[in-house]
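For reference, the structure is listed below as structure tokens.
Values in this text are rule-based calculations from the coordinates and carry no lab data. Since this is a predicted model, take the numbers as computed values, not measurements. Cβ placement follows ideal geometry from the backbone for every residue including glycine, while neighbour counts extend to all protein chains displayed.
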Amino acid sequence: MIQEEYTPKQQSGQKKPVIRRDKVVVTKVTAQELSQIKSSAGQCGMTRSDFIRARALGYKPRQRLSDKELDGLRQLAVCRTDTVNFANALHGLTDDEKVRLFRHQPTMLEWYEKVARVTNHVTAFLKSAQTANSYPAGTTDEPDGEDAV
């Protein structure tokens, strides 16, 4: 358990405790591992120390979104708007009009091709977001015999 040191400011009503990190943990890594740690920490917008501490304490830091990913999110918002507009247009149709629309094969094929492009982009984006914080084989969130509580 971490011991927190309280300052006079806290006694006067400030609620955030001051935590002193004055203990040092040293570990050796290869040049390649150090490069990967630096890169991963940078992608998450963290210092190496904060990144390593977060990983050691069981947290999975999230990678900051690149400009390309931010653009992808903006495009998803536009796609969502289009989908909502399409659904609203369908709500305005009578049942007979809906049946005629869905039975018109060229219209449905064109609609499907447009929707498939969007869903493929969404799937690719989500897969890239899921693998952004993955770590090399042998690294798990499961405690091994040595670290088990």
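Observations on the model:
- Region 15-123 - Kirkwood radius from inverse mean 1/r over Cα pairs (Å): 19.1 Å
- Oblate is the label for region 68-107. Its Cα gyration tensor axes, ordered a ≥ b ≥ c, give a/c of at least 1.5 and b/c at or above a/b.
- With a Förster radius of 30 Å applied to the C-beta separation of S39 and V18, the computed FRET efficiency comes to 0.45.
- Cα-based reach from K68 at 25 Å (exclusive), listing lysines while leaving out same-chain residues under 8 positions away: K38, K60, K114, K127
- Computed label-point distance, nm, for sites L93 and L57 using a 7 Å Cα→Cβ extension: 5.5 nm
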